[in-house]
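Below is one structure, written out as structure tokens; the observations come after it.
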Amino acid sequence: MPMMAVVFPIVPGKTDEWRAWTAELNGPRRDEFEESRRRAGVHERTFLQSTPMGDLVIVTIEGDDPGRSFAQLIGADDDFSKWFGAKASEFHGFDMSQLPTGDPSDLVIDSDRSPVATG
């Protein structure tokens with residue numbers, strides 16, 4: 001299944017609040033989160049990576065067309081998506097709705113396939 005990955009920095013000093021937000025997504029708002037991803041036709045995984053440059057969030061999105069689905073997620077205007085986007089913008093330091101549509105990253109190596117064309 002096609003997959004894409006995207007990385008977002010966490011605003012310095014916001015990691016604990018970000019963790020509380022993810023606990024909310026895994027707890028009382030889990031059904032809304034799952035439904036939003038079902039509507040977009042994707043399976044999402046989120047990782048927290050601590051680095052010497054600060055904390056990063058790594059998100060993978062799998063589905064038939066991850067780039068299209070990503071654009072659908074950031075452009076959705078239901079109540080949950082508006083809440084999610086506002087929180088994501090707060091923790092990542094930029095307006096998520098201003099991200100370019102489509103796949104934000106280029107696959108350059110895949111150990112399960114022939115070499116990937118890079119350009």
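The values are calculated or read from the model by the stated rules, or taken from the named source; none is laboratory data. What you see is a predicted model, and the numbers here were worked out from it, not measured in a lab. Counting neighbours? That spans all protein chains shown, and the Cβs are built from the backbone with ideal geometry, glycine included.
Data overview
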quantity	calculated
Selection count, region 22-51, where residues are within 14 Å of the chain's Cα centre (by Cα), part of a helix (DSSP H, G or I) and more than 15 Å from Asp79 (Cα to Cα)	2
Residue that is surrounded by the fewest Cβ atoms within 10 Å (Cβ to Cβ) [pool: residues in region 83-100 that are assigned to a helix (DSSP H, G or I) and aromatic (Phe, Trp, Tyr)]	Trp83
Among residues of region 61-76, those that are part of a loop (DSSP other than H, G, I, E, B) and over 15 Å from Glu35 (Cβ atoms), counted	2
Among (1) touching an Asp or Glu at 6+ places or on another chain (Cβ under 8 Å); (2) in a strand (DSSP E or B); (3) not aliphatic (A, V, I, L, M) - the single one Phe80 does not satisfy	(2)
Scan of region 1-19 for residues that are surrounded by 11 or more Cβ atoms within 10 Å (Cβ to Cβ), modelled with pLDDT of 95 or more and not polar (S, T, N, Q), ordered by number	Pro9, Ile10, Val11, Lys14, Glu17, Trp18, Arg19
Hits in region 1-22 (condition: of a type in the set (A, V, I, L, M, F, W, C) and in contact with a strand residue (DSSP E or B) (Cβ under 8 Å, 6 or more places away or on another chain))	Met1, Met3, Met4, Ala5, Val6, Val7, Phe8, Ile10, Trp18
Filter pass, Ser69 being at pLDDT 95 or above, touching a helix residue (DSSP H, G or I) at 6+ places or on another chain (Cβ under 7 Å) and crowded, with 17+ Cβ neighbours inside 10 Å	no
Cross-chain or 6+ apart pairs with Cβ under 9 Å, region 79-94 first and farther than 18 Å from Val11 by Cβ, then of a type in the set (Asp, Glu) and surrounded by fewer than 13 Cβ atoms within 10 Å (Cβ to Cβ)	Phe80/Glu35
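Condition check ((1) closer than 17 Å to Ser81 by Cα; (2) free of Cβ contacts under 8 Å to residues at least 40 places away in the same chain; (3) among the acidic types (Asp, Glu)) across all residues:
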position	(1), (2), (3)
Val11	no, no, no
Trp18	yes, no, no
Gly27	yes, yes, no
Arg30	yes, yes, no
Arg38	yes, yes, no
Phe47	no, yes, no
Ile58	no, no, no
